[in-house]
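The values are calculated or read from the model by the stated rules, or taken from the named source; none is laboratory data. Note that the structure is a prediction, hence the values are computed from the model and not measured. Every residue, glycine among them, receives a Cβ derived from its backbone with ideal geometry; neighbour counts consider all protein chains shown. Just so you know, the surface numbers come from the protein's heavy atoms only, side chains and all, with ligands and any DNA or RNA stripped out. Shrake-Rupley method; radii C 1.70, N 1.55, O 1.52, S 1.80 Å.
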Amino acid sequence: MLEVRIHGRGGQGVVTAAELLSVAAFGEGCYSQAFPTFGSERTGAPVISFCRIDDQPIEIHEPITEPDVLIVQDPTLLHQVRLFEGVGDDGYVLINSSRTLEELGLAEYATRFRPDRIATVAATEVARRRLGRPLPNAALLGGFAALTGAVSVDSIASAIRARFTPSVGEANEQAARDAFALVSDTIGGLSHA
Amino acid sequence: MAEQDVKFYQVGTFVAGNRLLDIDQRTVQARVDRSNAITSGHRACQGCGEALGARFVLDAAMRATGGNLVAANSTGCLEVFTTPYPESSWQLPWLHSLFGNGPAVASGIAAALRAKGREDTRVIGQAGDGGTVDIGFGCLSGMFERNDDVLFVCYDNEGYMNTGVQRSAATPPAAVTANTRAIGPAPGNAFGQGKFVPLIAMAHEIPYVATATVAELHDLETKVEKAMSMRGARYLHVLVPCPLGWKSASKDTVRVARLAKETGIFPVFEAEHGEVTSVSKIRRQVPVEEYLRIQGRYAHLFGDHPRPDIVARIQARADRNIERFGLRSDGPETSDLPGGAS
Amino acid sequence: MLSQIEGSLAVARAVAGCRPEVIAAYPISPQTHIVEALSDVVRTGELTPCEYLMVESEFAAMSACIGASATGARTYTATASQGLLFMAEALFNASGLGLPIVMTVANRAIGAPINIWNDHSDAMSMRDSGWVQLYAESNQHAVDLHLQAFRLAERVSLPVMVCMDGFVLTHAVEQIDVPDQSDVDAFLPPFDARQELDPANPMTIGSMVGPEAFTEVKYLMHAKQMEALDEIPAIAEEFAQSFGRDHGGLVSPYRTDDAEIVVVALGSVLGTVRATVDALRDEGVAIGALGITCFRPWPADEVRDALARARQVVVVERAFAVGAGGIVGQNTRLALAHLPITLYNVVAGLGGRPVTRAALRAVLVDAVEHQLQPNQLHFLDLHEDVVRQELERLRSGARGPHAESIVRVLGAAAGSSPS
């Protein structure tokens, strides 16, 4: 089972991100489950969503306390919220930021992870370019596909297209593919390092 | 027998049989084929205004709908005295659920009939003042707001009579009830804000709102018939004296109701979509004292320690009603109500 | 059709497939997505004929359902928590009148203190309302139970509430097979009302019943619920044959045949329970689980049969009777009367606190090692130090509400905002 935890703020599409990921996994014939933490519907408040992917039916519904993958949609949460709680050293971490890990003050912390499993990606910028809005969730899913290989970017794209209107879906799909390429390059670059 | 054109100014009040009237002008009650929707054998008190009012309303509604009528009834005197287990007075389909939900139950019935394509079957909801003005108020407002196809009738005997005569929001000022006794510095019910639901119903701008009393049979039946000719939320507020609670003689029920109107204490009018469309004029304004004296619930205002100050306040309220609704027959035909016809 | 969708949406589609003629609903978290989705399909005409009443309260919702059901319409509503309580009077009225209304309860805690998260205190508080109570273990189970609920309600003339854990199930996106309309139609015939307000055949419904007959009427309610104990497995069997899914009828035993210790639970926590059972089995513990789908009527015989061979039973429940003890625990204890079984009662997951495999495992291991007291209520994951602090504060005469001071203490202990 792969357990993914996504952190962001209300209004950034954190919940939708988990849902889309689950739909993508379903599209590949997996069992998957997506759900958010629940609270008052308030824009800007920290939000966490979860996604489990498995090749067997998923019966548990408890929150994910030891995620295999951590996605951080809003870097302002870094150093404010205990984002990394429960993430093992073998975990994957994807952070939405145009800055490097060093610039984010995470260089030292990042050393506990495998270098090909932690990356930043400027998802908000990608989203602004493709959607005209700073909604990074689709882009981050593309990055997730590149980082983990857990689902293909094509499956992500299908899930996106099924969810949104044609023009919005198209833009989001492009954002996902852009981020996929960016993260692939980052990781690919490492293996030659 | 020769017919002549006869104009009666008080048709139907003293002459229930209407035997001198054109057959078309006779009341439903005068007809042999009236449905008798509440048949005899019920356990109402002698002189019960509500039994009378409900009979008048339902028979008129049955006639207007060709008998295609379903009734929802809130808990209260009417429900209790018509269904002493294992008997029932009701000769139409009738549902009693709870005290506070009469309007909502009626809404549900109307929705079901609509879903089943049976909108030719009409719905009447009924409750006492408690079930309408107090505990049923939220549901009533919801029904109005949705404009559900229901005629809701409030039989107002100004108190919770079935439980032993406690005050409701419809109990008039100074009236004695079991929990507003004539003791202490302010005897009887307080001079509060009151809660006149017909005006609140008008504020919802529903298709039809009317008030009536059991003293004017033609008027009441006409209003029921008119209401049933319309669709959407309609509200009828009927003053029904309660000899037990009002401590009036059981033979005086109709007389008390008439005096309530003729003093101006109970305005009789019709309104459509929030505007008053007609008022029943007072031919001879009667001083409120004449009305108050025949009810034991006001006895403390007279007798050994009379309270002419309270009577004067009641008179002032009656006068205000007359001005507000334009009830004087020699006065101007206009009314300065917010929704008044002008 | 199998798709990856939100539990609420799946339930709404299943309910729509059952062709309700009147829906009257008032929104409350976490049921909102269900009633919104139903509002949509009525609005587009996809579900027709159906009248959707936007009522002004839950009390009005159930009241409108009563009127509609008495008029012979198939009727549905949904609520949770405070809403269920607000319609309490009407719940008893509906069951007393024998109206086959079906309602989804998206289980949520009852305040005060106000809490929007999942536990079973709402439905449990209404366990004696005369409604049949079914608890779904999963979203698929919830979907399937709704179809069975309409069939059951109309067969025994009793209202049925289908309970599903609020947020945990309602807001989880999972793969769910929602039956196609033609399959639902084959399983659920049109509603043939036993009592109907009809001018062609007038009847008086809801009259007062005095001391001379009330007992008999109430007895009949009880008898009908007992009849449901036979109907529920029969309908579940028919459902399994039509749709190929068998969740069990009244109860669902899991690895209980040779179990020495069995965990009893209701609702979605059963997924976690079974995962914990599997892990302990791998360690050689002879442990099993019993899921209870039908809580009212209480399937005493089935519970007894499933647990009779065990030596220890651990009831894990998401509500409790304040000042008295467990609820499911007490019912279970009764079913096991005179059997040589030690029963432990654990309260877990109140107000949405997650029930984790780790915590569950720990309490089960305690039970196995006889470290758990049988005759006392255990609160899983209770912050005992916080409670002690608060009690001390009370004894010292400090003022102010408990909830606020506890939250302050927990906040201080946790540091900054929770992650």
Any chance you could get the radius of gyration and Dmax over the Cα atoms of the range C:15-128, in Å? 13.6, 41
Area of B:MET228 that stays accessible when all protein chains are in place (1.4 Å probe, Å², to 10): 10 Å²
Those lysines that a straight Cα-Cα span of less than 22 Å connects to B:LYS247, excepting residues fewer than 8 apart in one chain: B:LYS261
Summed side-chain charge close to C:ARG108 - residues other than C:ARG108 whose Cβ falls under 14 Å, Lys, Arg +1, Asp, Glu -1: -2
Tell me the label-point distance for the pair A:ARG133, B:GLU323, using the 7 Å Cα-to-Cβ offset, in nm and rounded to one decimal. 5.9 nm
Among C:PRO211, C:PRO190, C:PRO202, the residue with the largest mean-square fluctuation in a Gaussian network model of chain C built from Cα contacts under 10 Å is C:PRO211
Percent antiparallel among DSSP beta bridges (both partners in the protein assembly as shown, rounded to 5): 30 percent
Could you tell me the convex hull volume per residue, in Å³, taken over the Cα atoms of the protein assembly as shown? 218 Å³
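Report the FRET efficiency, 1/(1 + (r/R0)^6), for C:ARG194 and C:ASP278, where r is their Cβ-Cβ distance and R0 is 41 Å, rounded to 0.05. Can you show the working numbers first?
On the way: r = 46 Å, r/R0 = 1.12.
Rounded to the nearest 0.05, the efficiency is 0.35.
Provide A:GLU102, C:GLU58 ordered by accessible surface of protein heavy atoms (probe 1.4 Å), highest first. Please report the intermediate quantities before stating the final value.
Values: A:GLU102 125, C:GLU58 15 Å².
Putting A:GLU102, C:GLU58 in descending order of accessible area: A:GLU102, C:GLU58.
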Whole-angstrom gap from the range C:322-361 to the range C:255-283, using each part's C-alpha centre: 14 Å
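For the range C:237-339, which GluC sites (Glu not before Pro) are both in a DSSP coil and crowded by at most 10 other Cβ atoms within 10 Å?
C:GLU283
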Does a label point 7 Å from the Cα of B:ASP120, set along Cα-to-beta-carbon, have any residues of the range C:174-217 with amide nitrogen under 13 Å, and which are they? C:199-200
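Find the percent of Cα-Cα distances in chain B that exceed 24 Å, and round it to a whole number.
On the way: 31554 of 58311 pairs.
Value for chain B (Cα pairs over 24 Å): 54 percent.
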For the range C:283-327, average projected area of the Cα convex hull in nm²: 4.5 nm²
Under 10 Å, Cα contacts only: if you run a Gaussian network model on chain B, which one of B:GLY194, B:GLY184, B:GLY41 comes out with the highest mean-square fluctuation? B:GLY184
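Note the direction-averaged projected area, equal to a quarter of the hull surface, for the Cα convex hull of the range A:133-193, in nm². Please report the intermediate quantities before stating the final value.
Working: hull surface 16.0 nm².
Directional mean of the projected Cα hull area for the range A:133-193 stands at 4.0 nm².
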Based only on the alpha carbon positions, what is the Kirkwood hydrodynamic radius of the range C:329-412, in angstrom? 15.3 Å
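Can you tell me the mean projection area, over all orientations, of the convex hull of chain A's alpha carbons? Units nm², please.
Numbers: hull surface 41.2 nm².
Mean projected area of the Cα convex hull: 10.3 nm².
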Rounded percent of accessible protein surface that carbon and sulfur make up, the protein assembly as shown, 1.4 Å probe: 52 percent
Kirkwood hydrodynamic radius for the range B:198-307: how many Å is it when counted over pairs of different Cα atoms? 15.1 Å
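Expected output is a single nm value to one decimal: the length gained when fully extending between C:ARG155 and C:ASP183, i.e. 0.36 nm times separation in residues minus the C-alpha distance. What is it?
Between C:ARG155 and C:ASP183, full extension yields 8.2 nm more.
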To the nearest 500 deg cm²/dmol, what mean residue ellipticity at 222 nm is calculated for chain C from DSSP H runs of n ≥ 4 alone, each contributing -39,500 (n - 2.57), summed and divided by the residues? -13500 deg cm²/dmol
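Mind giving me the FRET efficiency for B:LYS251 and C:ASN201? R0 is 45 Å, r the Cβ-Cβ distance, nearest 0.05 is fine. Mind dumping the intermediate values first?
Values: r = 39 Å, r/R0 = 0.86.
The value I calculate is 0.70.
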Label-zone membership for the range A:112-133, site A:THR100, 7 angstrom Cα→C-beta point, backbone N under 19 Å: A:112-123
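Quick check: with the 1.4 Å probe, what order do A:ARG129, B:ARG313, C:ARG353 take by accessible area, largest first?
On the way: A:ARG129 160, B:ARG313 125, C:ARG353 95 Å².
So the residues, ranked largest to smallest area, are A:ARG129, B:ARG313, C:ARG353.
Using a 1.4 angstrom probe with every protein chain in place, what is the largest-first accessible-area order of C:LYS218, B:LYS247, B:LYS261? Can you show the working numbers first?
Values: C:LYS218 90, B:LYS247 115, B:LYS261 5 Å².
Greatest to least solvent exposure: B:LYS247, C:LYS218, B:LYS261.
With a Förster radius of 56 Å, plug the Cβ-Cβ distance of B:GLN193 and C:ASP301 into 1/(1 + (r/R0)^6) and report the FRET value to the nearest 0.05. All intermediate terms of the calculation are to be shown ahead of the outcome.
Values: r = 60 Å, r/R0 = 1.07.
Efficiency at R0 = 56 Å is approximately 0.40.
Give the interface area between chains B and C as buried accessible surface, both sides summed, probe 1.4 Å, in Å² to the nearest 100.
Details: alone 15480 and 18990 Å², together 31590 Å².
In total, chains B and C hide about 2900 Å² from solvent.
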Environment charge at C:ILE292 (Cβ cut-off 15 Å; Lys +1, Arg +1, Asp -1, Glu -1): 0
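In the neighborhood of C:HIS247, defined by Cβ-to-Cβ distances under 12 Å, what is the net charge if each Lys or Arg adds +1 and each Asp or Glu adds -1?
Working: positive: C:ARG245; negative: C:GLU137, C:ASP144, C:GLU237, C:ASP246.
Summing Lys/Arg as +1 and Asp/Glu as -1 gives -3.
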Note: probe point = Cα of C:ALA412 + 7 Å toward Cβ; backbone nitrogen < 16 Å; residues of the range C:375-398 passing the test are C:384-398
Give me the three principal axis extents of the range C:248-352 from the C-alpha atoms, as integers in angstrom, largest value leading. 37, 34, 26
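Hey, what's the Cα Rg ratio for the range A:1-94 versus the globular rule of thumb, 2.2 N^0.38 Å?
Against the compact-globule rule of thumb, the ratio is 1.04.
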When the dipole is taken about the Cα centre of the range A:1-139, and only Lys, Arg (+1) and Asp, Glu (-1) are charged at their Cβ, what size is it in debye, to the nearest 20? 740 debye
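What fraction of the DSSP beta bridges in chain C is antiparallel, stated in percent and rounded to the nearest 5?
Details: 12 of 50 bridges.
The antiparallel proportion sits near 25 percent.
Considering every residue in C:34-41, what mean count of other chain Cβ atoms within 10 Å of its Cβ is obtained? Write down the numbers at each step before the final one.
Details: counts 0, 0, 0, 0, 0, 0, 0, 0.
For peptide C:34-41, the averaged partner shielding equals 0.
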Using the Cα atoms as the points, what is the convex hull volume per residue of the range B:176-246 in Å³? 108 Å³
Can you give me the Kirkwood hydrodynamic radius for chain C, using every pair of distinct Cα atoms, in Å to one decimal? 22.4 Å
